[in-house]
Amino acid sequence: MAQSSSKTIFLCNSCGNEFSKWHGQCPACREWGTLSEFSPPKSRGKTNGRSPRETVQLKSLSRQSNRKRILSGLEEVDRVMGGGMLPGSMILLGGQPGIGKSTLALQIVSGCDQTTLYVSAEESEEQLALRAERLGVTSEHLHVSGENEIVNILEQVSVVRPLILVVDSIQTVYNEDLDSLPGSVSQIRDCGQQLLNACKQNGFTVLVVGHVTKEGYIAGPKMLEHMVDTVLYMEGDERYDHRILRCTKNRFGATNEVGIFHMTSNGLDEVTNPSELFLAERTTNTAGTSIFPSMEGSRPILVEVQALVSKANFGTPQRNANGVDIRRLAMLLAVLEKRLGHIMGMNDVFVNLVGGLKIQDPAADLAIVAAVASSNKDMAIMDETVIIGEVGLAGEVRSVAKIDQRLQEATALGFTNAVIPKGNMKNKKAPKGLKIHGVKTVQEAFKYIF
Ligand SMILES: Nc1ncnc2c1ncn2[C@@H]1O[C@H](COP(=O)(O)OP(=O)(O)OP(=O)(O)O)[C@@H](O)[C@H]1O
Ligand SMILES: [Mg+2]
C-alpha cells in the first residue's frame, strides 16, 4: 500500500493512510473524496540528515517527569490546558476566521513571560505590533518574525532558543522541497511533523494556530490532530461578544473543561462568573424556557434552555437543536409523546441553549423535556426554579453526578427551587434559601413545576 519516497503517493485527509493510486473512496476509512496527491521532497531519505547510529540517544524515564508547567496567568486558559502548558508539548488552537485566535495566542505568551518566538506568516510585523499595543503587551522576551518557510523558522528557533514557539498559522507555513501549495494536506502534514520533531527534541512548547473548514474542523489532515498533544477550539456566536475555549484532546489533562472570555477592544477578558453572563437576558415567566445547572468540567454554569413547539407547515415536522444532541432530543420527544401524551408528530420543535454552549451531559434531559412541554402547553415553569435529571425511556428520572456543586451555584445566583432526581435526595441537606424537591418520574416533576 505504501510507496517508496521518490514517487507520488496519495494521502487520505481523514485517516492519514498512504496509497499508490487515487481512489474516490478511501480503502482504509471509507470516507469519500479525502485522498490528495503528495510528492515527498527529493532531499529526504535519512532521518534529519543523521545516520541511524546517531539518532538513538536514550534517556531515563525518571528524569523526564519533573517538568513544571508554564502558566499563562489567564486562569481560564490554564484550567482548559490541564494546569498550564507542558514544556515540550505541541498545542493546536483552531477557530473560525476572526474569532480571536491570534489575540488569545498573543495574550497567552505575554502572560507566560518566557522567551517566545511568535511567527506570524499571516500578518506583518507592524500589524502584530499594532495588536500588541492594543492589548497592552510589552514583553521583553517576545520576538516576532514574518517568516513562513519551515526551514527558516527552525533556523530562527535555533538562534532565539525560545521556550514557546507560536506559529500563526500552520496553513501559511510551507516546505520549499514540496511541490504543493501552502495549506495543502501534504504541506501541513510535513510542516507539522517538522515542528513536532523540533519541539520534542528541544523541549520547547509549540502553539500552532489552525484555520477551520466550513464544517468546523481544523483544515488539513486529520493527522495533525493526532500528532499534537492538545487540541483547543475557540468558538463564539456572532450575536454575542463572549468566546468559549474548548479542549477536544489533551494528553496531559481532562478534556471537558471550558474557558469563557469576553472580547473587548483591549483583548479577551476572562469571565469569572459565566452563569451571570448566560442568564443576563433571561425573561422570567415565559413559556418554553427552563434553567439547568450544567457542569463544564470542574465548574458549574447555569444555562437557559429554550424550546419552541409550533404547528408544522410542511409534511415532515422539523427538529432543530442548538447546543443539544439532536438524537438525544428525538429520544426525549418520544418519551414526552409516549409517557406524557404530548403529541409531537405534527409539530416543529426547536431547542436552543442560550449563549452558544454545547451540552452533552444527560443531566440536562429533564430541563429540555420541561422546556419543550412548557412551550407545548404555553405555560411558564414555576419562577426561580432549576431543573436537573437524566430521563430514561420509561419516563423515569435518574440520578446525576455532582449535584452539590450544581445546587450551590443555583443558590448563589438567587434561585429558590430545585427539582432534582429522587435518587440524589439521600442524606441531602439543601443549601440555605433553596427548596429542593426530589422526583422519580417526569410526570411527578411536571406536577411540581407547572
Ligand atoms: N478595536 C477592537 N475592538 C474590539 N474588538 C476588536 C478590535 N479589534 C479586533 N477586535 C476583535 O478581534 C477579532 C479579531 O481577532 P484576531 O485577529 O485575533 O482573530 P483571528 O481568529 O486570529 O482571525 P484570523 O482568522 O483572521 O487570523 C475581531 O473579529 C474582533 O472581534
Ligand atoms: Mg489571526
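The values are calculated or read from the model by the stated rules, or taken from the named source; none is laboratory data. No experiment lies behind these values; they were computed from the predicted model shown. Note that we place each Cβ from the backbone using ideal geometry, even for glycine, and neighbour counts take in every protein chain shown.
Restricting to the stretch 172-182, name every residue that is within 16 Å of ligand 2 (Cβ to nearest atom) and at pLDDT below 90.
182
Of all residues in the stretch 179-204, which are farther than 15 Å from residue 13 by Cβ and touching a Ser or Thr at 6+ places or on another chain (Cβ under 6 Å)?
Passing the criteria: 179, 182.
Of all residues being of a type in the set (Gly, Ala, Ser) and part of a helix (DSSP H, G or I) in the stretch 104-120, which is nearest to residue 261 (Cα to Cα)? Just the residue, please.
105
Within the stretch 13-33, count every residue that is under 18 Å from residue 184 (Cβ atoms) and either at pLDDT 80 or above or surrounded by fewer than 16 Cβ atoms within 10 Å (Cβ to Cβ) (or both).
The qualifying residues number 6.
Can you tell me which residue within the stretch 274-330, out of those that are free of Cβ contacts under 8 Å to residues at least 12 places away in the same chain and small (Gly, Ala, Ser), is surrounded by the fewest Cβ atoms within 10 Å (Cβ to Cβ)?
Among them, the one singled out is 315.
The rows are residues; the columns are (1) of a type in the set (Ser, Thr, Tyr); (2) under 25 Å from residue 282 (Cα atoms); (3) part of a helix (DSSP H, G or I).
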{"residue": "321", "(1), (2), (3)": "no, yes, no"}
{"residue": "328", "(1), (2), (3)": "no, yes, yes"}
{"residue": "331", "(1), (2), (3)": "no, no, yes"}
{"residue": "339", "(1), (2), (3)": "no, no, yes"}
{"residue": "342", "(1), (2), (3)": "no, no, no"}
{"residue": "345", "(1), (2), (3)": "no, no, no"}
{"residue": "352", "(1), (2), (3)": "no, yes, no"}
{"residue": "365", "(1), (2), (3)": "no, yes, yes"}
{"residue": "382", "(1), (2), (3)": "no, yes, no"}
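Going through 160, 166, 258, 209 one at a time, which residue ends up being touching a residue at least 12 places away in the same chain (Cβ under 8 Å) and surrounded by fewer than 18 Cβ atoms within 10 Å (Cβ to Cβ)?
160
For the stretch 239-255, which residues satisfy the criterion of being outside any strand (DSSP E or B) and in contact (Cβ under 8 Å) with a residue 12 or more places away in the chain?
Listed by number, the residues that qualify are 240, 241, 251, 252, 253, 254.
Under 7 Å by Cβ, and 6 or more places apart or on different chains, what pairs join a residue from the stretch 93-117 that is under 15 Å from residue 206 (Cβ atoms) and touching a residue at least 24 places away in the same chain (Cβ under 8 Å) with one that is near ligand 1 (Cβ under 8 Å from one of its atoms) and among the charged types (D, E, K, R)?
93/101; 105/168
If I filter the stretch 128-142 down to residues being in contact (Cβ under 8 Å) with a residue 12 or more places away in the chain and within 12 Å of ligand 1 (Cβ to nearest atom), which single residue comes out as farthest from residue 242 (Cα to Cα)?
128
Looking for whichever is under 26 Å from residue 298 (Cα atoms), of a type outside the set (A, V, I, L, M) and out of contact with any Phe, Trp or Tyr (no Cβ under 6 Å at 6 or more places or on another chain) here; the options are 319, 339, 328. Which one fits?
On inspection, the qualifying residue turns out to be 328.
Check whether at least one residue in the stretch 92-103 is away from ligand 1 (no atom under 16 Å from the Cβ), of a type in the set (A, V, I, L, M) and either assigned by TED's automatic domain parsing to the domain that holds residue 267 or on the phi < 0 side of the Ramachandran plot (or both), and report yes or no.
No, the stretch 92-103 contains no residue that is away from ligand 1 (no atom under 16 Å from the Cβ), of a type in the set (A, V, I, L, M) and either assigned by TED's automatic domain parsing to the domain that holds residue 267 or on the phi < 0 side of the Ramachandran plot (or both).
Working carefully through the options 329, 302, 308, find the one that is farther than 30 Å from residue 103 by Cα, touching a Ser or Thr at 6+ places or on another chain (Cβ under 7 Å) and not assigned by TED's automatic domain parsing to the domain that holds residue 86.
Of 329, 302, 308, the one residue that is farther than 30 Å from residue 103 by Cα, touching a Ser or Thr at 6+ places or on another chain (Cβ under 7 Å) and not assigned by TED's automatic domain parsing to the domain that holds residue 86 is 308.
Can you name every residue in the stretch 224-255 that is over 8 Å from the mean Cα position of the chain (by Cα), crowded, with 22+ Cβ neighbours inside 10 Å and either closer than 16 Å to residue 356 by Cα or hydroxyl-bearing (Ser, Thr, Tyr) (or both)?
Answer for the stretch 224-255, where residues must be over 8 Å from the mean Cα position of the chain (by Cα), crowded, with 22+ Cβ neighbours inside 10 Å and either closer than 16 Å to residue 356 by Cα or hydroxyl-bearing (Ser, Thr, Tyr) (or both): 230, 243.
Is there a residue being closer than 26 Å to residue 146 by Cβ and part of a helix (DSSP H, G or I) anywhere in the stretch 80-96?
no
Hey, does the stretch 259-282 have a residue that's within 30 Å of residue 346 (Cα to Cα), in a strand (DSSP E or B) and modelled with pLDDT of 90 or more?
No; the residues of the stretch 259-282 include none that is within 30 Å of residue 346 (Cα to Cα), in a strand (DSSP E or B) and modelled with pLDDT of 90 or more.
Restricting attention to the stretch 108-127, report how many residues are within 10 Å of ligand 1 (Cβ to nearest atom) and either surrounded by fewer than 24 Cβ atoms within 10 Å (Cβ to Cβ) or of a type in the set (Lys, Arg) (or both).
3
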